[in-house]
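The values are calculated or read from the model by the stated rules, or taken from the named source; none is laboratory data. Keep in mind the model is a prediction, meaning the values are calculated, not measured. All Cβ positions, glycine included, derive from the backbone under ideal geometry; neighbour counts span all protein chains shown.
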Amino acid sequence: MRIRPVVAAAATTLLATALLAVGAAHRGDRAEASPASPGAKDVIVHLFEWPWSSVANECTTVLGPKGFGGVQVSPPQEHVVLPSAGYPWWQDYQPVSYQLTTRRGDRAAFAGMVRACHAAGVKIYVDAVVNHMAGGASTGNGSGGSGYSQYAYPAVPYGSGDFHHCGRNGNDDIANWGDRWEIQNCELVDLSDLKTESSYVRGKLTAYLNDLVSLGVDGFRVDAAKHLPAADLAAIVDPVAGDPYVFSEVIEGGSGEPTPEEYAGLGDVTEFRYGDVVGGAFRDGNLSGLDGLAARMRLGSADAVAFVDNHDTQRNGRAKLTYKDGAPYALAEAFMIAWPYGVPQVMSSFTFSNPEAGPPAAGNGTTTAVSCGNGWQCEHRARTTANMVALRNAASGAAVTNWWSNGSNQIGFGRGSAAYVAFNRSGSALTRTFQTSLPAGTYCDVMAGDHAGGSCSGPAYTVNAAGQVTATVAANSALALHVGARGTGSTPDGCPSAAVSFAATATTTWGQNVFVTGNTAALGNWNPAAAVPLSSASYPVWTATVSLPGGTAVQYKYIKKEGSAVVWESDPNRSRTTPSAAPCSATWSDSWR
């Protein structure tokens, strides 16, 4: 692959200092692409722990039609199997060999997934574990049946001489995170640390990546990249055939640790500050400073992969927002896709309360097919994410225009003449005449409805000859217009939003409460933790009034919660359409079923 020169370690410290000082003028919107890049369709979705057959189906039915550019899939190499630990998610990050047999499927299923996704116009990026093999605590055969022990992996083969034995800390683990040598030569939580300076080890790793490329893989996310020197990583990926897109996971650390900038010469790098800044802004409702986003990042836009949360930060408490936070999280994801910084990566999770838990699985630990809402969260399918991908594609290369803020929790901005968005993180509706650079015409609000065949399933707004549009953005919601979604729909002047009063007759036991959730951000996007609580003041009728987009089909269900226990009412989902004409309010009376 073509590769940018790797910055020497001594020069990197100076470069890091300079990058932090230069400000937005040199770290603004995405500039010239790296030698290998995702291309104009650059939104990546991480289908975390999804089985290969489900990824293939998602590419065909959702990701391709919605315009997603790529999928990050979980590590496809043979891994440990840990029934005694309940088949945790992290077993997939402990390689036993480079055979393509995992709990998500075998080599043939993996190859079929790549073909299906390519046919849908979606690229495949593999989460590549090249720093280590399985640790000493795991036992038994791997997911493909290979035997192994720590420092001995005969299916590769690797032996004791192919690993670092740092000898500093008794158990060889990293103890001093301010010591670069330990970080790159001692073991990360007992995982056998590969001697990546060895030509033999490099050859085995390059052969593994080449095997994946031979099956059509388009690139790699390098796991735990800072635990091997950038020069070693370059020697592994440089000989890989073709021109795969590479992005390295480098968690920014303290003094003495390897820096993200060191790995930017290899491709893009994960920008961990992004979730802190954007997630924090939408969590707290402090949106007004987001126009200076680039100056607050460690990496320049052309070197960065942006994300609100990933599979690690969801579980280690670092993420400011996750799917469990409902509307603020959905809005942060929508902002990330709309704003031109870096390559946006959205998360698609399985639900969990135990951070060690693995995905939904059969009794033998093999992952079950994805069924959204049944243990699989599928954040990427939410309208607030999925419909924004087409907006980003339509606005590719366009700069930010017409920035507006109320100084606090409401913002709006355009992407040249291609798109305009507004975000309202307040508790009341925002009605305003926004100045855009859009051509005159009628546009679907893709945050509140879908566009198909020149018509809108939700509200449509008219932009006048001066580029102005008068719109109402519901509380904790957003407006999104773009040139790829012009059409007619419900008249927003009639009901841009509707006050829907839910009245559910439901008997409960002591300690139970009733909530409503559904397929909109205002109802928590099917997340029980973000569901709307109903009042028991008129028991057995439970009530609440929620502001929903006008003239929009809404699916919803009632749930009962007692502590962490959640009881859903029976299928199918309830479905109603909010009012599109005055009086812009409705009462939906239901009985628990």
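Name the one entry in 409, 513 that is outside the structural domain of residue 336 (by the TED database), touching a Pro at 6+ places or on another chain (Cβ under 8 Å) and in contact (Cβ under 8 Å) with a residue 40 or more places away in the chain. Show your work before the answer.
Details: 409 fails: touching a Pro at 6+ places or on another chain (Cβ under 8 Å).
Of the residues listed, the single one that is outside the structural domain of residue 336 (by the TED database), touching a Pro at 6+ places or on another chain (Cβ under 8 Å) and in contact (Cβ under 8 Å) with a residue 40 or more places away in the chain is 513.
Quick one: is residue 546 among the β-branched types (Val, Ile, Thr) and in the same structural domain as residue 464 (by the TED database)? If you could, list the steps in order and put the result at the bottom.
Details: among the β-branched types (Val, Ile, Thr): yes; in the same structural domain as residue 464 (by the TED database): no.
So residue 546 does not fit the description; no.
Name the single residue that is nearest to residue 422 (Cα to Cα) among those in the range 347-365 being touching a residue at least 24 places away in the same chain (Cβ under 8 Å) and touching a Ser or Thr at 6+ places or on another chain (Cβ under 6 Å).
Within the range 347-365, the match that is nearest to residue 422 (Cα to Cα) is 359.
Kindly indicate whether any position in the range 415-427 is at negative phi, surrounded by 24 or more Cβ atoms within 10 Å (Cβ to Cβ) and in a loop (DSSP other than H, G, I, E, B).
yes
Being more than 11 Å from the chain's Cα centre (by Cα), farther than 21 Å from residue 247 by Cβ, buried (at least 23 other Cβ atoms within 10 Å of the Cβ) and assigned by the TED database to the domain that holds residue 46: is that true of residue 321 here?
yes
Taking the range 95-132, which residues are part of a helix (DSSP H, G or I) and not hydrophobic (A, V, I, L, M, F, W, C)? So that I can check it myself, show each step before the final result.
First pass over the range 95-132, keeping only residues part of a helix (DSSP H, G or I): 107-119.
Across the range 95-132, the qualifying residues are 107, 112, 115, 118.
So which strands (runs of 3 or more DSSP E) are wholly in the range 230-334 and hold at least 1 residues that are more than 29 Å from residue 403 (Cβ to Cβ)? Reasoning before the result, please.
Values: elements: 245-248, 268-270, 304-306.
Hits in the range 230-334: 245-248.
Name every residue in the range 542-593 that is at positive phi and in contact (Cβ under 8 Å) with a residue 60 or more places away in the chain, in order of residue number.
551, 584, listed by residue number.
If you scan the range 155-200, which residues turn out to be aliphatic (A, V, I, L, M) and over 32 Å from the mean Cα position of the chain (by Cα)?
Restricting attention to the range 155-200, the residues satisfying the condition of being aliphatic (A, V, I, L, M) are 155-156, 174-175, 183, 188-189, 191, 194.
Within the range 155-200, 155, 156 qualify.
Of the numbered conditions (1) touching a residue at least 12 places away in the same chain (Cβ under 8 Å); (2) part of a helix (DSSP H, G or I); (3) more than 27 Å from the chain's Cα centre (by Cα), residue 212 fails exactly one; give the number of that condition.
(3)
What are the residues in the range 582-593 that are touching a strand residue (DSSP E or B) at 6+ places or on another chain (Cβ under 8 Å), closer than 17 Å to residue 541 by Cβ and either among the basic types (Lys, Arg) or not in a strand (DSSP E or B) (or both), if any?
Correct list: 592 only.
Identify, by number, the condition in (1) in a strand (DSSP E or B); (2) closer than 24 Å to residue 497 by Cα that residue 401 doesn't meet.
Looking at each condition in turn, residue 401 falls short on (2).
Residue under question is residue 347, and the condition is that it be under 22 Å from residue 304 (Cβ atoms), touching a Pro at 6+ places or on another chain (Cβ under 8 Å) and not assigned by the TED database to the domain that holds residue 459; does it hold? Break it down into steps so the answer makes sense when it comes.
Details: under 22 Å from residue 304 (Cβ atoms): yes; touching a Pro at 6+ places or on another chain (Cβ under 8 Å): no; not assigned by the TED database to the domain that holds residue 459: yes.
The answer is no for residue 347.
Yes or no: residue 312 modelled with pLDDT of 95 or more and over 15 Å from the mean Cα position of the chain (by Cα)? I'd like the intermediate steps shown before the answer.
Numbers: modelled with pLDDT of 95 or more: yes; over 15 Å from the mean Cα position of the chain (by Cα): no.
It is false that residue 312 is modelled with pLDDT of 95 or more and over 15 Å from the mean Cα position of the chain (by Cα).
Going by the structure shown, is residue 355 assigned to a loop (DSSP other than H, G, I, E, B), closer than 21 Å to residue 398 by Cα and either touching a Gly at 6+ places or on another chain (Cβ under 9 Å) or acidic (Asp, Glu) (or both)? Before you say what the answer is, go through the steps one by one.
Working: assigned to a loop (DSSP other than H, G, I, E, B): yes; closer than 21 Å to residue 398 by Cα: no; either touching a Gly at 6+ places or on another chain (Cβ under 9 Å) or acidic (Asp, Glu) (or both): yes.
Taking the combined requirement at face value, the residue does not satisfy it.
Criterion first (surrounded by fewer than 18 Cβ atoms within 10 Å (Cβ to Cβ), in a helix (DSSP H, G or I), within 20 Å of the chain's Cα centre (by Cα) and in contact (Cβ under 8 Å) with a residue 12 or more places away in the chain) does residue 64 satisfy it?
On the way: surrounded by fewer than 18 Cβ atoms within 10 Å (Cβ to Cβ): yes; in a helix (DSSP H, G or I): yes; within 20 Å of the chain's Cα centre (by Cα): yes; in contact (Cβ under 8 Å) with a residue 12 or more places away in the chain: yes.
Answer is yes for this residue.
Within the range 323-341, identify whether any single residue is modelled with pLDDT of 95 or more and within 21 Å of residue 259 (Cα to Cα), and answer yes or no.
Among the residues of the range 323-341, at least one is modelled with pLDDT of 95 or more and within 21 Å of residue 259 (Cα to Cα), which makes the answer yes.
Listed here are the residues, each with its yes/no results for (1) touching a residue at least 40 places away in the same chain (Cβ under 8 Å); (2) not acidic (Asp, Glu); (3) not assigned by the TED database to the domain that holds residue 256.
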residue: 97; (1), (2), (3): yes, yes, no
residue: 117; (1), (2), (3): yes, yes, no
residue: 121; (1), (2), (3): yes, yes, no
residue: 146; (1), (2), (3): yes, yes, yes
residue: 163; (1), (2), (3): no, yes, yes
residue: 175; (1), (2), (3): no, yes, yes
residue: 186; (1), (2), (3): no, yes, yes
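Does the range 523-548 hold any residues that are surrounded by 17 or more Cβ atoms within 10 Å (Cβ to Cβ) and hydroxyl-bearing (Ser, Thr, Tyr), and which are they?
If the condition is that a residue be surrounded by 17 or more Cβ atoms within 10 Å (Cβ to Cβ) and hydroxyl-bearing (Ser, Thr, Tyr), then 543, 547 are the ones that fit.
Any idea how many residues of the range 186-209 are hydrophobic (A, V, I, L, M, F, W, C) and part of a helix (DSSP H, G or I)?
So the first thing to find is which residues in the range 186-209 are hydrophobic (A, V, I, L, M, F, W, C), and the list is 186, 188-189, 191, 194, 201, 205, 207, 209.
Keeping just the survivors that are part of a helix (DSSP H, G or I) gives 201, 205, 207, 209.
Residues in the range 186-209 being hydrophobic (A, V, I, L, M, F, W, C) and part of a helix (DSSP H, G or I): 4 in total.
Of the residues in the range 540-587, how many are under 26 Å from residue 431 (Cβ atoms), at pLDDT 90 or above and over 34 Å from the mean Cα position of the chain (by Cα)?
Result for the range 540-587: 2.
Go over the candidates 384, 436, 368, 431 one by one and state the one that is surrounded by 24 or more Cβ atoms within 10 Å (Cβ to Cβ) and either closer than 24 Å to residue 555 by Cα or touching a residue at least 60 places away in the same chain (Cβ under 8 Å) (or both).
Values: 436 fails: either closer than 24 Å to residue 555 by Cα or touching a residue at least 60 places away in the same chain (Cβ under 8 Å) (or both); 368 fails: surrounded by 24 or more Cβ atoms within 10 Å (Cβ to Cβ); 431 fails: surrounded by 24 or more Cβ atoms within 10 Å (Cβ to Cβ).
Matching residue, one of 384, 436, 368, 431: 384.
Among the numbered criteria (1) among the polar types (S, T, N, Q); (2) within 25 Å of residue 68 (Cα to Cα); (3) at pLDDT below 95, which one does residue 426 miss?
(2)
Please go through (1) surrounded by 24 or more Cβ atoms within 10 Å (Cβ to Cβ); (2) of a type outside the set (A, V, I, L, M); (3) outside any helix (DSSP H, G or I) for residue 92 and return the number of the only condition it doesn't satisfy.
(3)
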